[in-house]
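Asks: Please find one structure pasted underneath; my questions will follow.
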Amino acid sequence: MRIDFTVNGRPQEADDVWEGESLLYVLRERLGLPGSKNACEQGECGSCTVRLDGVPVCACLVAAGQVQGRDVVTVEGLADFARQRSGGSPEVTGTGSRTGEGGALAPIQQAFLDAGAVQCGFCTPGLLVAADEMLERNPDPTDADIREALSGNLCRCTGYEKIMDAVRLAAARQSEEG
Amino acid sequence: MPTNGVPTKITQGSGTRGGIGESTLRPDGILKVTGEFAYSSDLWHEDMLWGQILRSTVAHAEIVSIDTSQALAVPGVYAVMTYDDLPTGVRHYGLEIQDTPVLAHGKVRHHGEPVAIVAADHPETARRAAARIRVEYRELPVVTDEASALAPDAPLVHEHRDDLLQSQLRSTGGTPTVGHVPHPNVVHRQPIVRGDVTSARERADVIVEGEYTFGMQDQAFLGPESGLAVPEEDGGVHLYIATQWLHSDLRQMAPVLGLPEDKVRMTLAGVGGAFGGREDLSMQIHACLLALRTGRPVKIVYNRFESFFGHVHRHPAKLSYEHGATADGRLTHVKCRIVLDGGAYASASPAVVGNASSLGIGPYVVDDVDIEAIALYTNNPPCGAMRGFGAVQACFAYEAQMDRLAARLGMDPVEFRQLNAMEQGSLLPTGQAVDSPAPVAELLRRVKAMPMPPERQWESSEGADVRRLPGGLSNTTHGEGVVRGVGYAVGIKNVGFSEGFDDYSTARVRMEVVGGEPVATVHTAMAEVGQGGVTVHAQIARTELGVARVTIRPADTRVGSAGSTSASRQTYVTGGAVRHACELVRERVLELGRRRFGSYHPAWASAELLLEGGKVVTDGGEVLAGLADVLGEEAVEVEREWRHRPTEPFDPRTGQGNGHVQYSFAAHRAVVEVDTELGLVKVVELACAQDVGKALNPLSVIGQIQGGTAQGLGMAVMEEIVVDPRTARVRNPSFTDYLIPTILDTPTIPVDMLELADDHAPYGVRGVGEAPTLSSTPAVLAAVRDATGLALDRTPVRPEHLTGTG
């Protein structure tokens, strides 16, 4: 089958998609967007978290056919997405949403780097999408709020402490900028 | 966080920003947060095929027949291979004993053993084709524990085992010892005997005996086993792979592929965590075989279900301990026996036995010991390396014993530990002296002194916040039946490969001018698995060479071995190699400077010269020349191997010997709240104090301590691979059924980092990654015992153990 949908603000089409393929497979293997990760492929680890019409979902649990005509944001588009949300215009480059050295990262991406929340980094894309969505809904979260919102995202390296630090840092910076 | 550093002499470059001791940020960090970092499962090649492994559905069986014809008939399938299609006579591999078949031959020995491999143009086609391979099994009785493995009529897991003499020769340095391994179903045995336990026992006023059970833990790294094998024009193959040690993989792969090692190129792809689970080969040979057979690039990516079968696990163990103490709280003796289940293939079992035995009584001074550790061959899943490596299982048991002894003596458990704590100069059971700081009592003091978390934190103005209570969002209690407990534990882990292993690393460092600026390039084969070794290499180069810009080359086999990213060794050993190569580069740069500018200033000949801030300066701070001017068009490059102090094997009968390089110590205090009615545990806080020698990157060091602590928490209350004792089949190979801690399960982990330099190690560093994984588990168990009053002799502890319903 053929699927037309929007990924990170750009229209995309995928041809010859087998009906059993997931959104995750289409993103990773057909559209060249492997940022969303494949740690369990059964909706337990959250490392493939993307926004589907704004809602965080596990891309591995979404059948490719379900995204026809819909809007997907992946970690590759997170910086542009955050910029647009804060009133800026998307950075247009030849390859779409790449964020090069010195280029603008989303605040949550910068906070993960600064706080040391990235080790192997395999959980990071999903956590970034989930944490960004939480801060959009709840700009001043308590620790318990952060833990609840991120409880669907497994991390095996960090013990989560630096991830907590990163989300707190992003929230604090966000409120400073007001 | 509180830190207390004894300053370590920094030889160079304290004036250069981004050097050692700073919390510089990861060089791969931006790629990792933008999704552009290429993990092994992200690789793509034009025309690539997908590989799939068919695995055994039974644990122990003769293979009567394999019929691949239906699989080959599936459109889109390019190759199907079984044992009979292997290209050479070398058809087994292994880290220490080459007992693991590349593909099963005549027999399978564990559930999930690879039987056949398929390459197809779509992963689903490959999966479906593999499912159409017909394998007829004739099931055999299974060996699952010590009783069944050593019974008089026990089936032999390896019926033609021929490594006995070989392993004896290795462990004795050439003298065969009959009976070193008592039975062919015992992979390895290490006794350690020192002093006289029989007479020491008579001095004991209190004797405590305990039997303990440690479940099978999985590394559960998130990045699945994966890689891409690309056939090359010269008949060789290039493998892009997530591993812990490229050169170890290469050494095992090349003979099976029938290629010389220089025709098997290896490049490290992005690694999504490891924790020991990537020490053994997984899909490396299979992908290369299919690529060479089809002439097409082949990618293999395990899914999570397959990953649970695709790597070894932490050895489950049965541990029997007898401790004695005098009435005034001095340990008299320890007798212990540690039985590790190695599963169907040897993997790292012999070295795990060496650790379990030599570290089997923990960081305590005991002159009279009688220790035996063995690893079994069984039909359970193969077990091998996981963070903590043999020391973890023992720590769970000896720390439970220490609490029981303290209780019998009426002593405070921390004070009792401090009274018996090892210190610098103490002897291990192996007779080896600990010749660097061993602040065991101090770490316990520090972790005990940390502020306690407030009681009843779940209470809020709007009632109970269930997220902070046992059971969490399941909303099982609002505080009713919830009891708090506090527990302590401390552990000792060796750093680096032990028992005489030639544990070297190689580094290549180059310095040249790029764009008018001096740039250092560091090239090693070190596997960056998330630990931050690449960050530290850049810091070392900045410190030693005084440059701002450092390029870290991708790890590959075009440079010599960096050893394994295991045993908390990489910052010490490959970091040591990088420093050593930098020192040699510095000498050559200074020689160049003397040749070019020596006549302009007498300091070139007389003073101690440093490279700082892109310049050559005297130790008095006077600038002699810019590095760009000194280097000009020349590039200075050095590749060197570097070794830590040698070790020696343990004596096979007495276990005596200077087997270890360095030790790492951590202590934990766990605070838990237990819903005693439902048996649910909430870990409220898990505080850690650890001596790290010298924190080259404090942010990364604390991240390692917190991550290791969380894995120990998982082992305490949730993580266990459940193997059916009747069939030896794995019951829970998924993240639905094998639980690792979520952010809701993991508490705050305050860290008190002590820095007591080890003068034998580069910059005084001490390996940090593993020690926190040891003491975390027994601290949580001690806290749950404190809360419930139950004995709890197994880990992980499950609700039924707390409610008496299991």
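Asks: Please go through the range B:561-591 and give me each residue that is surrounded by fewer than 18 Cβ atoms within 10 Å (Cβ to Cβ) and touching a helix residue (DSSP H, G or I) at 6+ places or on another chain (Cβ under 8 Å), ordered by number.
Replies: B:Glu583
Asks: If you check B:Glu633, B:Glu677, B:Glu637, which single one turns out to be in a strand (DSSP E or B) and open to solvent by 10 Å² or more (accessible area, probe 1.4 Å)?
Replies: B:Glu637
Asks: Looking at B:Pro451, is it in contact (Cβ under 8 Å) with a residue 24 or more places away in the chain and farther than 30 Å from B:Leu592 by Cβ?
Replies: No, not satisfied.
Asks: Still on this structure, please answer the following. Kindly establish whether A:Gly87 is without any contact (Cβ under 8 Å) to a residue 24 or more places away in the chain, within 24 Å of A:Ala106 (Cβ to Cβ) and more than 7 Å from chain B (Cβ to nearest Cβ).
Replies: Against the criterion (without any contact (Cβ under 8 Å) to a residue 24 or more places away in the chain, within 24 Å of A:Ala106 (Cβ to Cβ) and more than 7 Å from chain B (Cβ to nearest Cβ)), A:Gly87 qualifies.
Asks: Just one of (1) over 26 Å from the mean Cα position of the chain (by Cα); (2) open to solvent by 10 Å² or more (accessible area, probe 1.4 Å) trips up B:Thr332, so point out which.
Replies: B:Thr332 satisfies all of (1) over 26 Å from the mean Cα position of the chain (by Cα); (2) open to solvent by 10 Å² or more (accessible area, probe 1.4 Å) except (2).
Asks: Considering each of B:Ile749, B:Ile743, B:Ile702 in turn, give the residue that is within 15 Å of A:Cys157 (Cβ to Cβ), within 14 Å of chain A (Cβ to nearest Cβ), over 21 Å from the mean Cα position of the chain (by Cα) and not charged (D, E, K, R).
Replies: Numbers: B:Ile749 fails: over 21 Å from the mean Cα position of the chain (by Cα); B:Ile702 fails: over 21 Å from the mean Cα position of the chain (by Cα).
Unique residue meeting the criteria: B:Ile743.
Asks: Suppose the filter is more than 26 Å from B:Arg785 (Cβ to Cβ), acidic (Asp, Glu) and either open to solvent by less than 60 Å² (accessible area, probe 1.4 Å) or over 25 Å from the mean Cα position of the chain (by Cα) (or both); does B:Glu480 pass it?
Replies: no
Asks: If you don't mind, there's one more thing I want to ask. Could you list, in sequence order, all residues of the range B:551-560 that are open to solvent by 30 Å² or more (accessible area, probe 1.4 Å) and not β-branched (Val, Ile, Thr)?
Replies: Hits for the range B:551-560 are B:Arg553, B:Pro554, B:Arg558.
Asks: Anything in the range A:136-152 that is open to solvent by less than 10 Å² (accessible area, probe 1.4 Å) and more than 7 Å from chain B (Cβ to nearest Cβ)? List them, or say none.
Replies: A:Ile146, the sole residue that qualifies.
Asks: Another question, then. Return yes when B:Pro260 is in contact with a helix residue (DSSP H, G or I) (Cβ under 7 Å, 6 or more places away or on another chain) and either more than 14 Å from chain A (Cβ to nearest Cβ) or not aromatic (Phe, Trp, Tyr) (or both) and no when it is not.
Replies: For B:Pro260, the condition - in contact with a helix residue (DSSP H, G or I) (Cβ under 7 Å, 6 or more places away or on another chain) and either more than 14 Å from chain A (Cβ to nearest Cβ) or not aromatic (Phe, Trp, Tyr) (or both) - is met.
Asks: Let me ask something else about it. Could you run through the range B:512-550 and say how many residues are within 14 Å of chain A (Cβ to nearest Cβ), crowded, with 21+ Cβ neighbours inside 10 Å, not in a helix (DSSP H, G or I) and not acidic (Asp, Glu)?
Replies: 5
Asks: Can you tell me how many residues within the range B:648-674 are of a type outside the set (D, E, K, R) and open to solvent by 20 Å² or more (accessible area, probe 1.4 Å)?
Replies: Just the residues of the range B:648-674 that are of a type outside the set (D, E, K, R), to begin with: B:649-650, B:652, B:654-668, B:670-672, B:674.
Cutting the leftovers down to open to solvent by 20 Å² or more (accessible area, probe 1.4 Å) gives us B:649, B:654, B:656, B:658.
Result for the range B:648-674: 4.
Asks: Moving to a separate point now. If you go through the range B:427-438 one residue at a time, how many are open to solvent by 10 Å² or more (accessible area, probe 1.4 Å) and touching a helix residue (DSSP H, G or I) at 6+ places or on another chain (Cβ under 9 Å)?
Replies: Number satisfying all stated conditions: 1.
Asks: From the list A:Gly43, A:Gly69, A:Gly32, A:Gly20, which residue is part of a loop (DSSP other than H, G, I, E, B), open to solvent by 10 Å² or more (accessible area, probe 1.4 Å) and touching a Leu at 6+ places or on another chain (Cβ under 9 Å)?
Replies: A:Gly43
Asks: Still on this structure: Collect the residues in the range B:551-602 that are part of a loop (DSSP other than H, G, I, E, B), under 20 Å from the mean Cα position of the chain (by Cα) and not hydrophobic (A, V, I, L, M, F, W, C), keeping them in residue-number order.
Replies: Selection gives B:Ser561, B:Gly563, B:Ser564, B:Thr565, B:Ser566, B:Ser568, B:Arg569.
Asks: Moving on. Does A:Glu176 meet the test of being open to solvent by 40 Å² or more (accessible area, probe 1.4 Å) and within 8 Å of chain B (Cβ to nearest Cβ)? Give the derivation first.
Replies: Working: open to solvent by 40 Å² or more (accessible area, probe 1.4 Å): yes; within 8 Å of chain B (Cβ to nearest Cβ): no.
Judged against the criteria, A:Glu176 is not a match.
Asks: Can you give me the number of residues within the range B:485-511 that are within 30 Å of the chain's Cα centre (by Cα), in a strand (DSSP E or B) and farther than 30 Å from B:Gln418 by Cα?
Replies: 6
Asks: Which one of the conditions (1) touching a residue at least 40 places away in the same chain (Cβ under 8 Å); (2) under 14 Å from B:Ser41 (Cα atoms); (3) open to solvent by 10 Å² or more (accessible area, probe 1.4 Å) does A:Arg10 fail to meet, given that it meets all the rest?
Replies: Going through (1) touching a residue at least 40 places away in the same chain (Cβ under 8 Å); (2) under 14 Å from B:Ser41 (Cα atoms); (3) open to solvent by 10 Å² or more (accessible area, probe 1.4 Å) one by one, A:Arg10 breaks only (2).
Asks: Please state which one of B:Ala757, B:Ala761 is surrounded by fewer than 22 Cβ atoms within 10 Å (Cβ to Cβ), touching a helix residue (DSSP H, G or I) at 6+ places or on another chain (Cβ under 8 Å) and more than 14 Å from chain A (Cβ to nearest Cβ). Write out each step before concluding.
Replies: Values: B:Ala761 fails: surrounded by fewer than 22 Cβ atoms within 10 Å (Cβ to Cβ).
On inspection, the qualifying residue turns out to be B:Ala757.
Asks: Between a residue in the range B:462-484 that is on the phi < 0 side of the Ramachandran plot and part of a loop (DSSP other than H, G, I, E, B) and any residue that is open to solvent by 30 Å² or more (accessible area, probe 1.4 Å) and acidic (Asp, Glu), which pairs come within a Cβ distance under 8 Å, given they are 6 or more apart or on different chains?
Replies: Between residues of the range B:462-484 that are on the phi < 0 side of the Ramachandran plot and part of a loop (DSSP other than H, G, I, E, B) and residues that are open to solvent by 30 Å² or more (accessible area, probe 1.4 Å) and acidic (Asp, Glu), the close pairs are B:Asp465/B:Glu459; B:Thr477/B:Glu677; B:Glu480/B:Glu677.
The values are calculated or read from the model by the stated rules, or taken from the named source; none is laboratory data. The shown structure was predicted, so the numbers you read here are calculated from the model rather than taken from an experiment. Glycine also receives a Cβ, built like all others from the backbone with ideal geometry; neighbour counts cover every protein chain displayed. To get the accessible areas, we keep the full protein, side chains included, count just its heavy atoms, and leave off ligands, DNA and RNA. Shrake-Rupley method; radii C 1.70, N 1.55, O 1.52, S 1.80 Å.
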